[in-house]
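A short worksheet on the structure shown next.
The values are calculated or read from the model by the stated rules, or taken from the named source; none is laboratory data. Computed from a prediction, not measured in an experiment: that's the story for all the values here. Here Cβ is always computed from backbone atoms with ideal geometry, including for glycine, and neighbour counts include all displayed protein chains.
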Amino acid sequence: MYTHSSQYWTNHFTHNATFERVDWAIQPQLSDGQRKRILKSLQAWQLGETSEGAHLIAAAKKYANRTHDFIFPIAVELFIKEEQKHGHNLGRYLDLIGEKRIEQDWGDSLFRKIRYFNTSMELWTLAVITVESSAQLFYQSLKDATGCPLLKQICDDILIDEERHIDFQAERMLAIYRSHHWSIRWFAFQIYRVFFFSTAAVVWFGHHKVLSVGSPTFGRYMKDMGRKFADTFGLIRKETEIAKHLVPMR
């Protein structure tokens, strides 16, 4: 994996913000059955995408002070703005179909409580990777759940962004992992894996009506998430195996 500089990511997010991939002249087309299937999850993800990201920015600044990478918080702020664009687009779609934007959701409330107490860039990065990975499956399933051309364009735009979001976070995860002493790297990886799959399970139980379009069963969904974990953490896994053999036996 090639690690790009924070300036590279700042340039990427700035350039990507110039693209408008959604044609808002298209009118929504949803059947009653499709609306019933997707509405609650659509409202919940719209809420989740609108976070101001103040705690993430604070963690990024703390990390930047330690690593002297003072461009990194700027890249994080631009990343957050891109997520907020997703929330804005989903909210605009809800407005067009005459549905309300919710102000509270149990899943969003849970993650916000966790985020409130988290000042670790490592845990932040791990959490974002996990949510972004499940988001890829969610938005692909949401796209396929209806025949609505406008919703498909919104989902396509998000999916294009999310692919690079995971690259951005995966590079930072690798850098943080490598900053650990070799003696704790194996244990760090186990924490990554447990957190990733336990959080993925929570997402399924909250949004299985939509996710099941692409992943028909919980087992299939976890297998799909497993492939994403392998793609994102593959190099970390290899380095973990090396570190495991270096840990002295007791």
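Table for the structure above
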| read-out | value |
| --- | --- |
| Checking I80 against (1) closer than 30 Å to K209 by Cα; (2) of a type in the set (V, I, T); (3) at pLDDT 95 or above; (4) not in a helix (DSSP H, G or I), the condition it does not meet | (4) |
| Positions within the stretch 207-250 being crowded, with 19+ Cβ neighbours inside 10 Å, under 30 Å from K40 (Cβ atoms) and modelled with pLDDT under 95, in sequence order | T232 |
| Hits in the stretch 7-27 - residues which are closer than 26 Å to A230 by Cβ and either among the small types (G, A, S) or within 19 Å of the chain's Cα centre (by Cα) (or both) | W9, H12 |
| Any pair with Cβ under 6 angstrom, 6 or more apart, that starts in the stretch 180-197 at a residue that is under 20 Å from D231 (Cα atoms) and ends at one that is assigned to a helix (DSSP H, G or I) and of a type outside the set (A, V, I, L, M) | R185/T240; W186/T240; W186/K244; F189/T240; F196/T130; F196/F229 |
| Members of the stretch 136-174 that are farther than 24 Å from S198 by Cα, surrounded by fewer than 19 Cβ atoms within 10 Å (Cβ to Cβ) and without any contact (Cβ under 8 Å) to a residue 24 or more places away in the chain | K152 |
| Unmet criterion (only one of (1) in contact (Cβ under 8 Å) with a residue 60 or more places away in the chain; (2) surrounded by fewer than 22 Cβ atoms within 10 Å (Cβ to Cβ)) for S133 | (2) |
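Rundown of residues vs (1) under 30 Å from I176 (Cα atoms); (2) at pLDDT 75 or above; (3) more than 18 Å from the chain's Cα centre (by Cα); (4) surrounded by fewer than 17 Cβ atoms within 10 Å (Cβ to Cβ), yes/no style:
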residue	(1), (2), (3), (4)
Q84	yes, yes, no, yes
N89	no, yes, no, no
D95	no, yes, yes, yes
R101	no, yes, yes, yes
D105	no, no, no, no
I114	yes, no, no, yes
F117	yes, no, yes, yes
V128	yes, yes, no, no
